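The structure appears below as C-alpha cells.
The values are calculated or read from the model by the stated rules, or taken from the named source; none is laboratory data. Source: prediction; values computed, not measured. Note that we place each Cβ from the backbone using ideal geometry, even for glycine, and neighbour counts take in every protein chain shown.
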Amino acid sequence: MSYRILITGKNSYIGTSVETWLNRSPEDFLIDTIDTRENAWKKADFSKYDVVFHVAGIAHANAKEDQRDLYYKVNTDLTIEIAKHAKSHGVKQFIFMSSAIVYTSSKLQDGLITRETEPYSKDPYGDSKIKAEEGLFPLRDDSFKVVVLRPPMIYGKGSKGNYPKLAKLASLTPIFPDYNNKRSMLHIENLSEFIKLIILNNEEGIFWPQNPEYTRTSEMVKFIANANDKEIYFTTLINPLIDLIKNHPIVNKVFGDLYYDMELSTYTKGNYQINTLKKSIYETENNKIIK
C-alpha cells in the first residue's frame, strides 16, 4: 500500500527534509507539498490524501512580542482550520509539528520533562502551539487520527537556529568551557525516520522523539571541532562564572539543562534513533560518515 501524503509548508527545512527522506521509499509514499500562504491550500483536493503533515507556521527564531496576534493566527487558527478541512475531505491522519517550547514556563526539576509535566508557555510561540494542540484533540475519532509531535531542538545539514550559531562559535574559539549540562536534541534524519514509522503504524497521540543520548554542550562543540579538523581546548575554570549567570537567557540556552525523560521517547514499533549525536554532527558538518 502506498500512502499519499500532503506536506503543508512548502520549502520549509523540516518539510523538505522529511519529503526527501520518504522519497527513498517510493513504493510506500507518494508526496505532494503545498504553500499555505494566500489560502492556496483551500483550492487543493485533500480527498486524495491519506495523511497531512502540517509543518507550516511562524518559526520561534522569528518570534516577536509585537506580532503576538500573528502567531495565533498562523500557528493556532490556521492549524485547526487545515485540520478541519482535512477531516472533512476524508484524510485519515493529521500530523502536527508542535515543539518542546510548549514547556518553556512549566515547573521543571533540574530541567527534566516527564510525562506528568504540564505544558505551559508565556512565550507567544509556545502558547500558540499549545492552543493549536488543544484545538486538534477534539477532532479525533475512529476515522481521523491526530498526531502531535513535541520535538526538542532539531538540527542537521542546512538547519537554522541555535545549532549553526554554536557551530560557528566552535570554528572560531580556541577555548570552550567544559561544563556539565544535559539537553535533548533531535537530528533531522531521526525525526524523518520517526515520521515514517508514525505513518506506517497509523499512530495517534502525543510523541516526544529525541536522539538516543542526551547532549552535553561541550561534547557537541568537541565533535563539531573534530569534524572540521580544528583544535579546541576545554577548561573548567570558567564554570563558576557560568553558575553565577546561568539564569541569563543566552547563557541558559547554551549551558542550561532541558531534557526529556528517555522513557517518553521510547518507541517499540521500530527504531527511529538511527543516528547518534557524534555520527549526526560529522554528517552535518562535512558529510563524513562514521560508524
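Looking at Thr16, Thr76, Thr33, just one residue is in contact with a helix residue (DSSP H, G or I) (Cβ under 7 Å, 6 or more places away or on another chain), closer than 23 Å to Tyr272 by Cβ and among the β-branched types (Val, Ile, Thr), and that residue is Thr33. Only residues that are of a type in the set (Lys, Arg) and over 11 Å from Ile274 (Cβ atoms) were counted in the range 178-200, giving 2.
Filtered by the rule that a residue be modelled with pLDDT of 95 or more and assigned to a helix (DSSP H, G or I), the range 224-240 gives Asn239, Pro240.
Taken over the range 117-153, the criterion of being hydrophobic (A, V, I, L, M, F, W, C) and assigned to a helix (DSSP H, G or I) is satisfied by Ile130, Ala132, Leu136, Phe137, Leu139.
So that you can scan it fast, the table gives a plain yes or no per residue for (1) surrounded by fewer than 23 Cβ atoms within 10 Å (Cβ to Cβ); (2) touching a Leu at 6+ places or on another chain (Cβ under 8 Å); (3) of a type outside the set (S, T, N, Q):
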site	(1), (2), (3)
His85	yes, no, yes
Gln93	yes, no, no
Met97	no, yes, yes
Ser105	yes, no, no
Gln109	yes, no, no
Leu112	yes, no, yes
Glu118	yes, no, yes
Glu133	yes, no, yes
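Among the residues of the range 40-47, is any surrounded by fewer than 15 Cβ atoms within 10 Å (Cβ to Cβ), more than 29 Å from Tyr259 (Cα to Cα) and among the hydrophobic types (A, V, I, L, M, F, W, C)? Yes; the residues of the range 40-47 include at least one that is surrounded by fewer than 15 Cβ atoms within 10 Å (Cβ to Cβ), more than 29 Å from Tyr259 (Cα to Cα) and among the hydrophobic types (A, V, I, L, M, F, W, C). State all residues of the range 240-263 that are over 21 Å from Ser105 (Cα atoms) and surrounded by 15 or more Cβ atoms within 10 Å (Cβ to Cβ); if no residue qualifies, say none. Ile242 - this is the single residue of the range 240-263 that is over 21 Å from Ser105 (Cα atoms) and surrounded by 15 or more Cβ atoms within 10 Å (Cβ to Cβ). Within the range 20-39, not a single residue is at pLDDT 85 or above, in contact with a His (Cβ under 8 Å, 6 or more places away or on another chain) and either under 16 Å from Gln93 (Cα atoms) or not in a helix (DSSP H, G or I) (or both).
Taking the criterion of being within 18 Å of the chain's Cα centre (by Cα), surrounded by fewer than 17 Cβ atoms within 10 Å (Cβ to Cβ) and hydroxyl-bearing (Ser, Thr, Tyr), would at least one residue in the range 121-131 satisfy it? No; the residues of the range 121-131 include none that is within 18 Å of the chain's Cα centre (by Cα), surrounded by fewer than 17 Cβ atoms within 10 Å (Cβ to Cβ) and hydroxyl-bearing (Ser, Thr, Tyr).
The selection criterion, being in contact (Cβ under 8 Å) with a residue 12 or more places away in the chain, assigned to a loop (DSSP other than H, G, I, E, B) and of a type in the set (Ser, Thr, Tyr), holds for Tyr267. Listed by first and then second residue, the pairs with beta-carbon distance under 7 Å, at least 6 apart or on different chains, first residue in the range 91-119 and in contact (Cβ under 8 Å) with a residue 40 or more places away in the chain and over 15 Å from Leu264 (Cα atoms), second part of a loop (DSSP other than H, G, I, E, B) and basic (Lys, Arg), are Ser98/Arg150; Val102/Arg150.
All conditions in (1) part of a loop (DSSP other than H, G, I, E, B); (2) surrounded by fewer than 21 Cβ atoms within 10 Å (Cβ to Cβ); (3) within 14 Å of the chain's Cα centre (by Cα) hold for Ile206, with the sole exception of (1). Scanning the range 158-200 for residues that are over 22 Å from the mean Cα position of the chain (by Cα) and assigned to a loop (DSSP other than H, G, I, E, B), we see that the one that is surrounded by the fewest Cβ atoms within 10 Å (Cβ to Cβ) is Pro174. Taken together, the criteria place Thr266 among residues that are at pLDDT 90 or above, of a type in the set (Ser, Thr, Tyr) and closer than 26 Å to Thr104 by Cα. With the structure loaded, tell me whether Phe53 is touching a helix residue (DSSP H, G or I) at 6+ places or on another chain (Cβ under 7 Å), modelled with pLDDT of 90 or more, closer than 18 Å to Glu134 by Cβ and not in a helix (DSSP H, G or I) or whether it fails that test. Against the criterion (touching a helix residue (DSSP H, G or I) at 6+ places or on another chain (Cβ under 7 Å), modelled with pLDDT of 90 or more, closer than 18 Å to Glu134 by Cβ and not in a helix (DSSP H, G or I)), Phe53 does not qualify.
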